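Just below is one structure, and these are the notes that go with it.
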Amino acid sequence: MTTLVLDNGAYSAKIGYSHEKVSVIPNCQFRSKTSRLKTFTANQLDEIKDPSGLFYILPFQKGYLVNWDVQRKVWDHLFGKEMFKVDFADTSVVITEPYFNFTSIQESMNEILFEEYQFQAALRINAGSLSAHRYFQVNNQELCCIVVDSGFSFTHIVPYCRGKKMKDGICRINVGGKLLTNHLKEIISYRQLHVMDETHVINQVKEDVCYVSQDFYKDMDIAQLKGEDNTVMRDYVLPDFSSIKKGFCKPREEMNFTGKYKTGEQILRLANERFAVPEMLFHPSDIGIHEMGIPEALVNSINNMPEEMQPHFYKNIVLTGGNALFPGFRDRVYKEVRSLTPTDFQVSVLQPPNPISYPWEGGKLLAGNPDFDEMVVTREDYEENGHFICEEKFDI
């Protein structure tokens, strides 16, 4: 029996057999401006000749799976002969879903996995639980950890003790990668170029030039300086999809501080946008979202835990999800949590080498666990007892 591990995120699906490597694939469909009628699915993105004005069709809205038609098409593509060639009669699946997922979505998921695809067994679980499993496997002397999962739709902060999630401490901040990209689009459209339709391009800009500031006001001052003194300023060359396929950051020595560029490239000049955008993860109130930032929410979540556990959480903070890839993210989380906690507590923040596929790796380990067969619901179980058995076994 093979096991397929699928961390089904709102932006990308991390998928692979438990005995192989992970593939990260866009979990959506695309239409391009030029060929309106043709729909591209998941990793067919590379086939689009002109990805300007790329139109995304996402299965997730506000972090929950609502568009099943799109999700089905993506899954058909992933499970099909072009990709993973899944033999459903001999495969069990580990699939992730958000915390406190709606019952209706959970039931649709059961029906699709067992009745349409006919997997032999399934385990639905939160991505954070897989991350915690992965963490405890490596640090087996630790009893507690707190997982920060900062993804596309929102950021979850979840304490785990002995592998069980502590429901009282779960905290959600409604700031994720989608919001950051959209905000960057708005700022650039307001200040320089109309890019509201260029989600794909601006998302690339965000990944290439944004970083988390360690001292916001100091960086703000630098960003206002003129010429060479402004060490924050970067010139980003936008792709034209004929000679430049992918945007890139101009090297510092090639930057022209005084006049225009002679070449015909389209340039975005970015200064305080570089750190003001990721700053929203730390101060959502900057854009009118009245919530705590990540460090404050972490401390708040730990304070809801029993007192004797608290020091254990502070020294096992794990950062996962795509936003953890911003340069400076880990240091800033450490710095702020440190300043908010009593001095006698040790604070340690771990950022895994690849925070995006960390939960998938946890799923891979879990699939090899001797207790794995106890955790799944088999197709026979489901056919006999229906949704009830899934509700009882899966702690979502």
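Does Glu142 satisfy being at pLDDT below 95, of a type in the set (Asp, Glu), assigned to a helix (DSSP H, G or I) and surrounded by fewer than 18 Cβ atoms within 10 Å (Cβ to Cβ)? So that I can check it myself, show each step before the final result.
On the way: at pLDDT below 95: yes; of a type in the set (Asp, Glu): yes; assigned to a helix (DSSP H, G or I): no; surrounded by fewer than 18 Cβ atoms within 10 Å (Cβ to Cβ): yes.
Here the answer is no, as Glu142 does not meet what is asked.
Can you tell me how many residues in region 343-352 are under 19 Å from Cys144 (Cα atoms) and open to solvent by 20 Å² or more (accessible area, probe 1.4 Å)?
Counting residues in region 343-352 that are under 19 Å from Cys144 (Cα atoms) and open to solvent by 20 Å² or more (accessible area, probe 1.4 Å) gives 6.
All but one of (1) surrounded by 21 or more Cβ atoms within 10 Å (Cβ to Cβ); (2) more than 24 Å from Glu273 (Cα to Cα); (3) over 13 Å from the mean Cα position of the chain (by Cα) hold for His156; state the number of the condition that does not hold.
Here His156 clears every test but (3).
Is it the case that some residue within region 193-208 is open to solvent by 20 Å² or more (accessible area, probe 1.4 Å), of a type in the set (Val, Ile, Thr), modelled with pLDDT under 85 and in contact with a helix residue (DSSP H, G or I) (Cβ under 9 Å, 6 or more places away or on another chain)?
Looking for residues that are open to solvent by 20 Å² or more (accessible area, probe 1.4 Å), of a type in the set (Val, Ile, Thr), modelled with pLDDT under 85 and in contact with a helix residue (DSSP H, G or I) (Cβ under 9 Å, 6 or more places away or on another chain), one finds none in region 193-208, hence no.
Name the residues in region 353-369 that are open to solvent by less than 60 Å² (accessible area, probe 1.4 Å), in contact (Cβ under 8 Å) with a residue 60 or more places away in the chain and either of a type outside the set (S, T, N, Q) or over 30 Å from Lys21 (Cβ atoms) (or both), would you?
Matches in region 353-369: Ile356, Tyr358, Pro359, Trp360, Glu361, Gly362, Gly363, Leu366, Ala367.
Find the residue count for region 290-342, including only residues that are in a helix (DSSP H, G or I) and open to solvent by 50 Å² or more (accessible area, probe 1.4 Å). I'd like the intermediate steps shown before the answer.
So the first thing to find is which residues in region 290-342 are in a helix (DSSP H, G or I), and the list is 294-303, 307-314, 322-325, 329-340.
With the extra rule that they be open to solvent by 50 Å² or more (accessible area, probe 1.4 Å), the set shrinks to 296, 300, 303, 307-308, 312, 325, 330-331, 334-335, 338-340.
So the count comes out to 14.
Any residue in region 170-183 that is touching a residue at least 24 places away in the same chain (Cβ under 8 Å) and among the charged types (D, E, K, R) sitting within a Cβ distance under 8 Å of a residue that is surrounded by 20 or more Cβ atoms within 10 Å (Cβ to Cβ) and not in a strand (DSSP E or B)? List the pairs, counting only those 6 or more apart or interchain.
Matching pairs, first to second residue: Arg172/Phe154; Lys178/Ala10; Lys178/Tyr11; Lys178/Phe152; Lys178/Ser153.
Please find, within region 373-395, the residue that is farthest from Ile15 (Cα to Cα) out of those that are buried (at least 18 other Cβ atoms within 10 Å of the Cβ) and within 28 Å of the chain's Cα centre (by Cα).
Among them, the one singled out is Cys390.
Taking strands (runs of 3 or more DSSP E) that do not extend beyond region 25-131, which have at least 3 residues that are more than 30 Å from Cys145 (Cα to Cα)? Before you say what the answer is, go through the steps one by one.
Details: elements: 29-31, 55-57, 91-96, 121-125.
By residue number, 29-31, 55-57.
Does region 99-120 contain any residue that is in contact with a Pro (Cβ under 6 Å, 6 or more places away or on another chain), surrounded by fewer than 21 Cβ atoms within 10 Å (Cβ to Cβ) and at positive phi?
Keep residues of region 99-120 that are in contact with a Pro (Cβ under 6 Å, 6 or more places away or on another chain), which gives none.
No.
Residue check, Gln204 against (1) touching a Lys or Arg at 6+ places or on another chain (Cβ under 8 Å); (2) closer than 24 Å to Ile317 by Cα, all met but one. Which one?
(2)
Every residue in region 266-287 that is open to solvent by less than 20 Å² (accessible area, probe 1.4 Å) and without any contact (Cβ under 8 Å) to a residue 24 or more places away in the chain, please.
none
Taking the residues in region 214-232 that are of a type in the set (A, V, I, L, M) and open to solvent by less than 30 Å² (accessible area, probe 1.4 Å) as candidates, determine which candidate is farthest from Arg252 (Cα to Cα).
Just the residues of region 214-232 that are of a type in the set (A, V, I, L, M), to begin with: 220, 222-223, 225, 232.
Filter once more, so that each one left must be open to solvent by less than 30 Å² (accessible area, probe 1.4 Å): 223, 232.
Numbers: Ala223: 15, Val232: 10 Å.
Within region 214-232, the match that is farthest from Arg252 (Cα to Cα) is Ala223.
Residues that are of a type in the set (A, V, I, L, M), at least 2 per element: which strands (runs of 3 or more DSSP E) completely within region 149-263 meet that?
Details: elements: 155-161, 171-173, 234-237.
Answer list for region 149-263: 155-161.
Among the residues of region 233-265, how many are surrounded by fewer than 11 Cβ atoms within 10 Å (Cβ to Cβ) and either touching a residue at least 24 places away in the same chain (Cβ under 8 Å) or within 20 Å of Cys210 (Cβ to Cβ) (or both)? First the steps, then the outcome.
Let us first name the residues in region 233-265 that are surrounded by fewer than 11 Cβ atoms within 10 Å (Cβ to Cβ), namely 242-243, 245, 251, 253-254, 258-260, 262-264.
Then keep just the ones that are either touching a residue at least 24 places away in the same chain (Cβ under 8 Å) or within 20 Å of Cys210 (Cβ to Cβ) (or both); that gives 251, 258.
Here the count works out to 2.
Of the conditions (1) open to solvent by 40 Å² or more (accessible area, probe 1.4 Å); (2) at pLDDT 90 or above, Thr3 satisfies every one except a single condition; which number is it?
(1)
Taking the condition of being in a loop (DSSP other than H, G, I, E, B) and either touching a Phe, Trp or Tyr at 6+ places or on another chain (Cβ under 8 Å) or hydroxyl-bearing (Ser, Thr, Tyr) (or both), how many residues in region 347-396 meet it? Spell out the reasoning first.
Here is the first cut: in region 347-396, the ones in a loop (DSSP other than H, G, I, E, B) are 347-348, 351-357, 368-371, 376, 386, 394-396.
In the following step, the residues that additionally are either touching a Phe, Trp or Tyr at 6+ places or on another chain (Cβ under 8 Å) or hydroxyl-bearing (Ser, Thr, Tyr) (or both) were identified as 347-348, 351-352, 357, 396.
Going through region 347-396 one residue at a time, the tally reaches 6.
The values are calculated or read from the model by the stated rules, or taken from the named source; none is laboratory data. Every value quoted in this text rests on a predicted model; they were computed, and no experiment measured them. We place every Cβ from the backbone using ideal geometry, glycine too, and count neighbours over all the protein chains shown. Side chains are part of the model used for accessible areas, which takes the heavy atoms of the whole protein and leaves out ligands, DNA and RNA. Shrake-Rupley method; radii C 1.70, N 1.55, O 1.52, S 1.80 Å.
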